[in-house]
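The values are calculated or read from the model by the stated rules, or taken from the named source; none is laboratory data. Every value quoted in this text rests on a predicted model; they were computed, and no experiment measured them. Here the Cβ positions follow ideal geometry from the backbone for every residue, glycine too, while neighbour counts run over all protein chains shown.
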Amino acid sequence: MFRMLGSHATTALRRAGMPTDTGNTRAASSTISRSSLGYLIFCAIAFTSCPAQSFAQTAQSSGATTQTTEKSPSPPAGAASASPAEQSARENFLKRLWRAYRDDWKGSASSGPEPARRGFPSPVTNPPFPFADWPYGGSPVIGAPWTQSGPLMEALWSGPHGDWWKNTKIQIYGWLNFGFNGSTSDKSFHGNKYGNFPTAYDEVPNAVEPDQEVLYIERQPDTVQTDHFDWGFRLTNLYGLDYRFTTAKGIFSNQLLGKNLEYGYDPVMAYVDLYWGQVAEGMNIRIGRYISLPDIEAQLAPNNYTYSHSILYTFDAYTQSGINITTRLSDHWMIQTGLSAGNDVAPWVGEPNAKPTFNGCIAYTWQEGRDNHYACLNSLNSGRYAYNNLQSVYYTWYHKISKNWHTDTEAWYMWEDRVPNLNNPAAKSLLINGANGAYCNNITELTCFAPETAVVNYFEKQFSTKNYLTFRNEFFDDMKGQRTGTKTRYSEHLIGWGHWIGTTVLLRPELRFERSYDRPAYDLGTKKNQLTLAGDVIYFF
């Protein structure tokens, strides 16, 4: 399962191309060519994978040349021919990679026996859906096997060093993700071309964009077993437009907070997992930068039903840097506790933006896995205004209705205190770069309490292992305009389709309508309604 895949909605105006402090920052484009990005990633992977094989092939060719002056001995009678695995190992890397894709698209890729797992059976299937088990953050799914197997690893496993890769249990994989949209919004003003905002991540209207080009290096612990220690790690590298939403202050953040580049790089996840199978029914400790725990959606494209994100997800916390402990107590119960430096901020940034922040979650699963209730206190500290210093409580309910239908519902309430009043000029000096102020009720207030609440529902229909349909409806109330930059209520309604080609190409077209009820929020604050026809393609390697 990719749970890899938030929000920096405190950088919401910055993402939308609008500075939150002096107003002098202008949007700029990355100097890296969009069209060459996928080629560069592919070449880098091929280069790192081919040298040993190319050397061996050169040596074999050289040996064959020196032997042409001698008569080649005939093979002994009855000698066995090379096995398919041996023949594959002798092929060059690119040929093995192409065969992995070809077999996947033809449906002829080998599939071994069903891997062992603990607990209830998976409630849904992946593909077509982005997960097989109801998702939670801060840990691999304890009791579920790691079944990740991309074309790149298939090519490496079938090569001359395949056993080494299998023994290390390290995998390298990722995807190229490009999207498009046609929108009723079309304005651009002083370098701000993010007219679809607060829609995400397709915030540039009527455009084709390199959303996220991602490379993973990962090892997962074996959490099916309950009798010994195991370990894992993950390093996730992302380049593209979507870095504008994943950036954490203090981690290459000058690209966004200083230069406001359209495209950038972000190491979205960098952590180690320490798993003890002997504790309860399995305990995992994650240390590093990881995705915040709750949410139906995630930053990384394959972890989502649809191309675009709900407004609810766009403006909550994305990543945290710290330590999180996940303990499976039984097939029914799981608890999580953690301590981080806050939301979307590195520990070394220091006060007031980085500060000790507690999180805790509890999950209850019943009806043989068909229902899951997941409640989280995702972040709790002093709650005073700082960079994305959200205080938040979440509740998520996953429910399998029948073999082909399921629904997911999520609600949260968030707040910050002592937020500078944008209606009062005297409060301007209190603003922090990248952290939005609030439209307080009283113009004389210097600061105020800024809450927001939201609820979203997904309704999913599976037609086959290749096709599914999504219905999404949500309500979002930005009571003081501190998250989206506009003090208004929103609703959003979407219908989307997901179609797989093999298990390595995913197409996701969608039609989305949204409205801001109290003030115009779309098309750079000139429209209350927005309609978008959008979609993306994810090409896995």
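Tabulated data
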quantity: Residue within segment 425-436 that is crowded, with 23+ Cβ neighbours inside 10 Å, on the phi < 0 side of the Ramachandran plot and in contact with a helix residue (DSSP H, G or I) (Cβ under 9 Å, 6 or more places away or on another chain) present; calculated: yes
quantity: Pair list, Cβ < 6 Å and 6+ apart or interchain, from segment 214-237 residues that are more than 13 Å from residue 267 (Cβ to Cβ) and at pLDDT 95 or above to residues that are of a type in the set (Phe, Trp, Tyr) and not in a strand (DSSP E or B); calculated: 220/146
quantity: Residue match in segment 281-302 (condition: basic (Lys, Arg), within 30 Å of residue 199 (Cα to Cα) and assigned to a strand (DSSP E or B)); calculated: yes
quantity: Single condition residue 374 does not satisfy, out of (1) within 30 Å of residue 488 (Cβ to Cβ); (2) outside any strand (DSSP E or B); calculated: (2)
quantity: Residues that are surrounded by fewer than 24 Cβ atoms within 10 Å (Cβ to Cβ) and assigned to a loop (DSSP other than H, G, I, E, B), drawn from segment 307-329; calculated: 329
quantity: Leading residue by the ranking (nearest to residue 411 (Cα to Cα)) among those in segment 432-478 that are among the β-branched types (Val, Ile, Thr) and assigned to a loop (DSSP other than H, G, I, E, B); calculated: 465
quantity: Matching entry among 300, 377 (being crowded, with 24+ Cβ neighbours inside 10 Å and more than 22 Å from residue 436 (Cβ to Cβ)); calculated: 300
quantity: Contacts under 6 angstrom Cβ, first residue in segment 92-115 being under 12 Å from residue 158 (Cβ atoms) and in a helix (DSSP H, G or I), partner modelled with pLDDT under 85 and not aliphatic (A, V, I, L, M), 6 or more apart; calculated: 93/49; 93/50; 93/53
quantity: Members of segment 191-213 found to be in a strand (DSSP E or B), more than 21 Å from the chain's Cα centre (by Cα) and either surrounded by 23 or more Cβ atoms within 10 Å (Cβ to Cβ) or at pLDDT 95 or above (or both), listed by number; calculated: 207
quantity: The one condition in (1) under 17 Å from residue 138 (Cα atoms); (2) surrounded by fewer than 22 Cβ atoms within 10 Å (Cβ to Cβ) that residue 278 fails to fulfil; calculated: (1)
quantity: Qualifying residue in segment 330-339 (condition: in a strand (DSSP E or B), within 20 Å of the chain's Cα centre (by Cα) and not basic (Lys, Arg)); calculated: no
quantity: Residue, farthest from residue 303 (Cα to Cα), within segment 488-531, restricted to residues that are surrounded by 22 or more Cβ atoms within 10 Å (Cβ to Cβ) and of a type in the set (Lys, Arg); calculated: 512
quantity: Meets criteria (crowded, with 22+ Cβ neighbours inside 10 Å and over 14 Å from the mean Cα position of the chain (by Cα)) for residue 256; calculated: yes
quantity: Test result for residue 494, aliphatic (A, V, I, L, M) and either assigned to a loop (DSSP other than H, G, I, E, B) or more than 24 Å from residue 413 (Cβ to Cβ) (or both); calculated: no
quantity: Which numbered condition residue 325 misses (of (1) within 14 Å of the chain's Cα centre (by Cα); (2) closer than 18 Å to residue 358 by Cα); calculated: (1)
quantity: Criterion: loosely packed, with under 12 Cβ neighbours inside 10 Å, at pLDDT below 95 and farther than 27 Å from residue 397 by Cα - qualifying residue of 75, 160; calculated: 75
quantity: Failed condition for residue 323, given (1) more than 24 Å from residue 372 (Cβ to Cβ); (2) in contact with a helix residue (DSSP H, G or I) (Cβ under 9 Å, 6 or more places away or on another chain); (3) not basic (Lys, Arg); calculated: (2)
quantity: Sole exception among (1) buried (at least 22 other Cβ atoms within 10 Å of the Cβ); (2) more than 22 Å from residue 234 (Cβ to Cβ); (3) among the polar types (S, T, N, Q) for residue 177, by number; calculated: (2)
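Yes/no per residue for (1) part of a strand (DSSP E or B); (2) of a type in the set (Ser, Thr, Tyr); (3) touching a Cys at 6+ places or on another chain (Cβ under 7 Å); (4) within 17 Å of residue 480 (Cβ to Cβ):
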| site | (1), (2), (3), (4) |
| --- | --- |
| 394 | yes, yes, yes, no |
| 397 | yes, no, no, no |
| 402 | no, yes, no, no |
| 408 | yes, no, no, no |
| 412 | yes, no, no, yes |
| 416 | yes, no, no, yes |
| 420 | yes, no, no, yes |
| 423 | no, no, yes, yes |
| 427 | no, no, no, yes |
